Amino acid sequence: LPGRLVLQTQLSAADVEARNTAMARALFDEGLRYVDTEQWQEAQDRFGRVLTLRYSAVAAYNWGLAQARLGKAVIASTTLRRILSDTGLDTTVRERASALLTDVESRRLQCLAERGGVALGGGGCVRARRCRSLRSAAARG
């Protein structure tokens, strides 16, 4: 009887994992559709929700991209630095995250110079450009 309870718990955990994976995939795909239509707030929300279900460096990059496009330079920089700290990071993700981080930080410094060294909260004039989303089947689970 106690062995039966353990088995049910294990099956339940597997069911939860499968459900989380399916939800993460759907949210990832939804996030990409929002990126394609430049609906950055919605994209940020979807990729953030993916990351609550399971970690993916590609989803984290896209989350950072949405943050950057929304002008959230400090938050985007933190997200991108966290991604880049992963020693096993895929080369493509590393290159894209590094390029986006460089863009965000250079635009932030430019904005600070234009504003006389006064940092802007939240939005402001820092918006990433030139950077594209990453699309990967591996990111969706």
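Rule-based calculations on the coordinates, nothing more; no lab input. Because the structure is predicted, anything quoted here is derived from the model rather than measured. When we count neighbours, we look across all protein chains shown, and the Cβ atoms used for this are built from the backbone with ideal geometry, even at glycine.
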**Asked** What nm distance separates the two modelled labels at Arg19 and Thr91, each placed 7 Å from Cα along Cα→Cβ?
**Response** 4.1 nm
**Asked** If you take all C-alpha pairs in region 32-115, what percent of them are over 21 Å apart?
**Response** 26 percent
